[in-house]
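Nothing in this text is a laboratory measurement; each read-out follows from the coordinates by a stated rule. Not measured: the values here are computed from a predicted model. No Cβ is skipped: glycine too gets one built from the backbone with ideal geometry, and neighbour counts run over all protein chains shown.
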Amino acid sequence: MVEQLDKDMIEAMKAHEKEKLNVIRMVKASLKQEQIDHKKEINDELLIDVVNKQIKMRKDSISEFEKGGRQDLIDATQAEIDILMKYLPEQLGAEEVAKIIDEIFAEVKPEGQKDMGKVMKEAQAKLKGKADMKEVSSIIREKLQ
């Protein structure tokens, strides 16, 4: 996926797609920053982490733009999210996520809210990058009650 990011950057330059090029450059800069800060190797796993952070930041921005009634900024930010989604693995549907969470509950056998951390640890291992972890967390919290 890292190689695909480089190819897409070149294509965006050739096609004069400024928005796509800006988003890809931000991702590449964030990747480099993570590599330097945490002395990690640039690989697909790091790319997924960085892209997830970028998407989360943009979703937070959209909620703020909605409060301010700025539809133009909402549309621009949503377009950036759509570009970023291409660099994540195939997203699982709600049914598949629920099925995996049920399997995790069968393995961990949580006894209440105090076992939330154990369940989330397993969920992150199985679902990271494939589902929105915020939604996964809320599903797990709901099941624990």
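Considering only Gly69, Val108, Leu84, the residue lying farthest towards the positive end of the dipole of segment 60-124 is Val108, judged by Cα position with unit charges set on Cβ. Of the cross-linked pairs Lys7/Lys99; Lys67/Lys143; Lys67/Lys121; Lys40/Lys126, those separated by over 26 Å at the C-alpha level are Lys7/Lys99; Lys67/Lys143; Lys67/Lys121. Axis angle, to the nearest 10 degrees, between helix 18-38 and the longest C-alpha principal axis of the chain: 60 degrees. Computed from the Cβ-Cβ distance with R0 of 30 Å, the FRET efficiency linking Lys53 to Gln145 stands at 0.55.
Kirkwood Rh, segment 2-85, all Cα pairs: how many Å? Computed over segment 2-85, the radius equals 13.6 Å.
A Cβ-based charge dipole, computed about the Cα centre of segment 59-145 with Lys and Arg at +1 and Asp and Glu at -1, lands at about 380 debye.
For segment 2-85, the dipole from Cβ point charges (+1 on Lys and Arg, -1 on Asp and Glu) about the Cα centre works out to 240 debye, to the nearest 20.
Across every direction, the projection of the convex hull enclosing the Cα atoms of segment 94-144 has a mean area of 3.0 nm². For Met85 and Asp115, what does the FRET efficiency come to when R0 = 22 Å and r is the distance between their Cβ atoms, rounded to the nearest 0.05? Working from the Cβ atoms, E equals 0.10.
Its Cα centre serving as origin, segment 94-144 has a Cβ charge dipole (Lys and Arg +1, Asp and Glu -1) of approximately 240 debye. Rounded to the nearest Hz, the phi-derived 3J(HN,Hα) couplings of segment 79-94 under the Karplus curve 6.51 cos²θ - 1.76 cosθ + 1.60 (θ = phi - 60°) are 5, 5, 4, 4, 5, 5, 4, 5, 9, 9, x, 3, 6, 7, x, 4, where x marks glycine and proline.
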